[in-house]
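The values are calculated or read from the model by the stated rules, or taken from the named source; none is laboratory data. What you see is a predicted model; the values in this text were computed from it and never measured. All Cβ positions, glycine included, derive from the backbone under ideal geometry; neighbour counts span all protein chains shown. SASA here: full protein model, heavy atoms, side chains in, ligands and nucleic acids out. Shrake-Rupley method; radii C 1.70, N 1.55, O 1.52, S 1.80 Å.
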Protein chains: 2
Amino acid sequence: MTVTSCPQSVGRPRAFDTDTALEKALEVFWRRGYDGTSLADLTEAMGINKPSLYAAFGNKEQLFLKAIELYESRPCSFFLPALEKPTAYQVAEHMLYGAANNMADKTQPQGCFVVQGALSCSEAASAVKAALINRRLAGEQKLHERFAQAKIAGDLPAHVDAEVLSRFMGTVLQGMAIQANNGATAEQLQQIAEMTLQAFPR
Amino acid sequence: MTVTSCPQSVGRPRAFDTDTALEKALEVFWRRGYDGTSLADLTEAMGINKPSLYAAFGNKEQLFLKAIELYESRPCSFFLPALEKPTAYQVAEHMLYGAANNMADKTQPQGCFVVQGALSCSEAASAVKAALINRRLAGEQKLHERFAQAKIAGDLPAHVDAEVLSRFMGTVLQGMAIQANNGATAEQLQQIAEMTLQAFPR
DNA sequence: CTTGTTTTGTACCGGTCGGTAAATATATAG
DNA sequence: CTATATATTTACCGACCGGTACAAAACAAG
C-alpha cells in the first residue's frame, strides 16, 4: 500500500522538463516531417540522450503522436477558439485570419503541422499519417457541426450545404499551409482569407 | 571523328525502357515522398538493379527531378491546357475541375506530386523541396500572367487583383491535393471547384 | 573470330537508422 | 548508514541507408 506519489516520489529525478522537450520535438517534426526526422535530430533538439527519450515518450512514433496533442492544445492554436464565435461568418472570419497569422508566423515553422507532418511517407510512418488524416477530418467535422448549428440558429442560410461549406473551409485552410511553405507572408495569406470570406454565404 | 549514333550504336543494349521505369519511380515518389522512398523501393518498382538506376538517372535526387519533369509533361496533366482556354473564367473552370478529377483519380496516387513530393523533409532533401516550391510558384506566376492578359482582353474586371486571384487559385488547388490525400472523392472535389467558381469574379 | 563498348547482376562500402543492454549516478525510504 | 527506485551516460545491436567496384554478359565494328 503505497502513498499516492503526486510529483516525484522516489528515484533519481529527471534532469529535463518533458513539456519543453516535447515542444522541441514538435518543432523538429513540424519542420522536417516524420520520415525526415532522425532520432539524432530529436535528441539534439531536445537536449537529451536516446534512452531518456525512450523512457519518457516510448518511441519515435509515440513521441510524434504526443506532439500532435501538444500542437492542438497550444495557446496559439486558432481552430477551436474560432468555433466558439457567435455566428458562422465570424467563425470563418476568425479561423481564416487566425490561420493566416499563425501559419506565416516567423517564430515557428511555416505552415501547419497536421498538414505537413506526414503527408506522403514511408510504410513505417503509415500509422502517424493516418492519425494526421483523422485530425484533419475531425476538424472539418467540428466545423460541419458548427455550421449545421448556425443554420438552426438562423445565422447561416438554410439552403447552404454545411458539409460542403466545411470541406471548402478545410480546403482553403490546408491550401494556406502549402502557401506558407511556399514562403507566403501573413499579409498575402490575409488576402486569401479576405477573398474566401467574400465567397462565404451570409 | 565518330558517326552520330542516333539510337544505340554500340555496346550491350539496355534491358529496360527508361520512360516506363521513370513512370514507376514517379509513382513511388508520389506515394511515399522523397524521404519516405528508399532505393530498394525504387529498384523494386522499376524492375531494375541499383547500378542500372545510377547509370540511367544519376542518383536518387536527379531521378526525383526527372520525375518532376515527367509529372508536368504527362498527357493527363491539367494545368497548362487549362491556361489556353479563351476566358479567365474558363481557365479557372477547367483548372479546378481538371484538378478535382485528376487528384482523386484512383488509377494513380491521390493528390498532387508537386505538393506532396517533399513538403516537410530532411536537409538531404532540401534541394528537391526547393525545386517543388519553384514549380508551385511558377504555376501561380503563369496563372497570374494569364489573368493579367484577361484583364487587358476584357474578360476579367479591371478592379481585380490578378496576383491575389492567382494565389487564391493556387491555394484552393493545393488544398484540394490535401483533400485528396484525406480520401475525398472526385465528386467532393468537384463541389469545392463549384464553390470556388462562385467566388470567381466575372 | 577478336576487340571495344555498354549493361548487367552480385557483392560490397562506410555511415546512419531506430532501438536497447548495462553500468553508473542521484534521488527517497527506512 | 543500507536498500530501493529511477535517470543518466556510454557503448553497442542488427538492419537498412545511398552509392559503387568489379567481373560476367551482350551487343556492334572490324
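May I ask for the distance between the Cα centers of the stretch A:143-202 and the stretch B:115-131, given as a whole number of Å? If you average the Cα positions of each part, the centres end up 28 Å apart.
Explain nothing, just the number: dipole magnitude of the stretch A:18-72 about its Cα centre with +1 on each Lys and Arg Cβ and -1 on each Asp and Glu Cβ, in debye rounded to the nearest 20.
Numbers: 6 positive and 9 negative charges, 34 e Å.
Using Cβ point charges on Lys, Arg, Asp and Glu, the stretch A:18-72 gives about 160 debye.
Ranking of A:43, A:20 by solvent-accessible surface, largest first: A:20, A:43 (1.4 Å probe, protein heavy atoms only, all chains present).
Show me the ranking of peptides B:159-170, A:161-172, A:50-61, B:83-94 by mean Cβ neighbours inside 10 Å, starting with the highest.
Values: B:159-170: 19.4, A:161-172: 22.2, A:50-61: 14.8, B:83-94: 17.2.
Most protected by this proxy first, the peptides run A:161-172, B:159-170, B:83-94, A:50-61.
Just to confirm a number: summing +1 for Lys and Arg and -1 for Asp and Glu over residues other than residue A:177 whose beta-carbon lies under 15 angstrom from that of residue A:177, what do you get? Spell out each step's value before the answer.
On the way: positive: A:31, A:135, A:136, B:129, B:136, B:167; negative: A:72, A:105, A:140.
Summing Lys and Arg as +1 and Asp and Glu as -1 gives +3.
Positive-end ranking of B:143, B:97, B:120 along the dipole of chain B, with charges on Cβ about the Cα centre, is headed by B:120.
Take each residue in B:36-46, count the other chain C-beta atoms within 10 Å of its C-beta, and the mean is 2.
Ellipsoid fit via the Cα gyration tensor, the stretch B:18-72: semi-axes of 14, 12, 10 Å, each the root of five times an eigenvalue, largest first. In the protein assembly as shown, helices alone account for a calculated mean residue ellipticity at 222 nm of -21500 deg cm²/dmol, with every DSSP H run of four or more residues adding -39,500 (n - 2.57). Whole-percent P(r), chain B, all Cα pairs, 10 Å bins from 0: 8, 31, 29, 19, 10, 3, 0.
How many Cβ atoms of partner chains, on average, are near each residue of A:116-129 if near means within 10 Å of its Cβ? Write down the numbers at each step before the final one.
Values: counts 6, 2, 4, 12, 20, 8, 8, 4, 1, 4, 2, 0, 0, 2.
Mean partner-chain Cβ count within 10 Å for A:116-129: 5.
The value of relative contact order for the stretch A:75-198, using C-alpha pairs under 8 Å at least six residues apart, is 36 percent.
Three principal axis extents describe the C-alpha atoms of the protein assembly as shown; from largest down they are 90, 56, 33 Å.
First select every other residue whose beta carbon is under 14 angstrom from the beta carbon of residue A:113; then total the charges, Lys and Arg +1, Asp and Glu -1.
Values: positive: A:24, A:31, A:32, A:66, A:74, A:129, A:135, A:136; negative: A:23, A:27, A:69, A:72, A:105.
Taking every other residue near residue A:113 into account, the sum is +3.
Counting only protein chain heavy atoms and rolling a 1.4 Å probe, the accessible areas of A:70, A:137 rank, largest first, as A:137, A:70.
Taking the C-alpha atoms only, the angle from helix B:18-36 to the longest principal axis of chain B is near 70 degrees. Count Lys and Arg as plus one, Asp and Glu as minus one, and take only other residues whose Cβ is under 14 Å from that of residue B:143; the net charge is then +1. In chain B, the longest principal axis of the Cα atoms and the axis of helix B:60-73 are about 50 degrees apart.
Where nothing but the Cβ of Lys and Arg (+1) and of Asp and Glu (-1) is charged, how large is the charge dipole of the stretch A:44-202 around its Cα centre, in debye to the nearest 20? Intermediate values should be presented prior to the final figure.
Working: 14 positive and 15 negative charges, 49 e Å.
About 240 debye.
Basic side chains Lys and Arg get +1 at the Cβ, acidic Asp and Glu get -1 at the Cβ, and with that the dipole of the protein assembly as shown about its Cα centre reaches some 560 debye.
Taking every lysine pair in chain A that is 8 or more places apart or spans two chains, those with Cα atoms closer than 25 Å amount to 16.
Sort B:186-192, B:102-108 by packing, meaning the average of other beta carbons within 10 Å per residue, with the highest value first.
Details: B:186-192: 18.4, B:102-108: 15.4.
Ranked from most to least packed, the peptides come out as B:186-192, B:102-108.
Measuring with a 1.4 angstrom probe and ignoring ligands and nucleic acids, residue A:32 comes out at about 60 Å² accessible. Helix A:162-182 axis versus longest C-alpha principal axis of chain A: approximately 60°, rounded to the nearest ten.
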